[in-house]
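Novice: First the structure, then my questions, so here it is.
Where a number appears in this text, it was derived from the coordinates with a stated rule and is not lab data. These figures come from a predicted structure and were not determined experimentally. Here the Cβ positions follow ideal geometry from the backbone for every residue, glycine too, while neighbour counts run over all protein chains shown.
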Amino acid sequence: AQSVTQLGSHVSVSEGALVLLRCNYSSSVPPYLFWYVQYPNQGLQLLLKYTTGATLVKGINGFEAEFKKSETSFHLTKPSAHMSDAAEYFCAVAGSGAGSYQLTFGKGTKLSVIP
Amino acid sequence: DAGVIQSPRHEVTEMGQEVTLRCKPISGHDYLFWYRQTMMRGLELLIYFNNNVPIDDSGMPEDRFSAKMPNASFSTLKIQPSEPRDSAVYFCASSSSRRETQYFGPGTRLLVL
């Protein structure tokens, strides 16, 4: 079984401040990890993903995430928040099992950016 | 590519009516997923298909829900009869292979009165 925990359902940062959204996962196999963003009244859009190789992954809009196996974490960061970053962010893990596939999502973290 | 296409974007219906949601995946993608999103439960996987065949429908909440994929470019999610607790946003997503990126459609906002 696999699961994702996102710490903090709501995070507020000032414009220009560091963004840090936390994600911890559990998986019985080496995971693929994803961060998606959802803007109001829209579908989910991929920000970045980790499959294998380099543990620091860069995505769109200046976001990046680091896979830390020892901490089972995949936290999302951005050095300087912009007003347009206000959205809901979902961490997801893809494990594997014989004959099955499932992408498990966290509950989401709503990011507010204060001007 | 146009991305994943869903219709209708909004649906308002009365309890007891049949509701059909439609999805066109990205051309060439072999996997299609149906999700439901609510405030209380977040994003839930309902069912997924591989090469038009349903693989895992363990997330389908009740027998009132059914999904089909008659060909590689079209899928439906049907609720019959609908109930107020089915009110949610329903997303369709597709991907090219297992564990790869899923591309989401814009969703269908369903309100059952």
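Novice: Of all residues in segment B:3-20, which are away from chain A (no Cβ under 12 Å) and either under 21 Å from A:GLN2 (Cα atoms) or part of a loop (DSSP other than H, G, I, E, B) (or both)?
Specialist: Here is the first cut: in segment B:3-20, the ones away from chain A (no Cβ under 12 Å) are B:7-8, B:11-20.
B:PRO8, B:GLU14, B:MET15, B:GLY16, B:GLN17, B:GLU18, listed by residue number.
Novice: With the requirement that a residue be assigned to a loop (DSSP other than H, G, I, E, B) and more than 25 Å from B:PRO8 (Cβ to Cβ), what does segment A:37-51 give you?
Specialist: Step one: of segment A:37-51, the residues assigned to a loop (DSSP other than H, G, I, E, B) are A:39-43, A:51.
The answer is A:THR51, and nothing else.
Novice: Of the residues A:ALA54, A:ALA65, only one is crowded, with 17+ Cβ neighbours inside 10 Å, among the small types (Gly, Ala, Ser) and more than 27 Å from B:ALA2 (Cα to Cα); which? Break it down stepwise before answering.
Specialist: Numbers: A:ALA54 fails: crowded, with 17+ Cβ neighbours inside 10 Å.
A:ALA65 is the lone residue from the list that is crowded, with 17+ Cβ neighbours inside 10 Å, among the small types (Gly, Ala, Ser) and more than 27 Å from B:ALA2 (Cα to Cα).
Novice: May I ask you to list the residues in segment B:17-50 that are β-branched (Val, Ile, Thr), surrounded by fewer than 21 Cβ atoms within 10 Å (Cβ to Cβ) and within 21 Å of A:THR104 (Cβ to Cβ)?
Specialist: Residue satisfying the conditions is B:THR38 alone.
Novice: Between residues in segment B:34-59 that are without any contact (Cβ under 8 Å) to a residue 12 or more places away in the chain and residues that are not in a strand (DSSP E or B), which pairs lie under 8 Å by C-beta distance while being six or more apart or on different chains?
Specialist: What qualifies is B:GLY42/A:GLY106; B:GLY42/A:LYS107; B:GLY42/A:GLY108; B:ILE55/A:GLY99; B:ILE55/A:TYR101; B:ASP56/A:TYR101; B:ASP56/A:GLN102.
Novice: Among the numbered criteria (1) assigned to a strand (DSSP E or B); (2) crowded, with 21+ Cβ neighbours inside 10 Å, which single criterion is violated by A:LYS110?
Specialist: (2)
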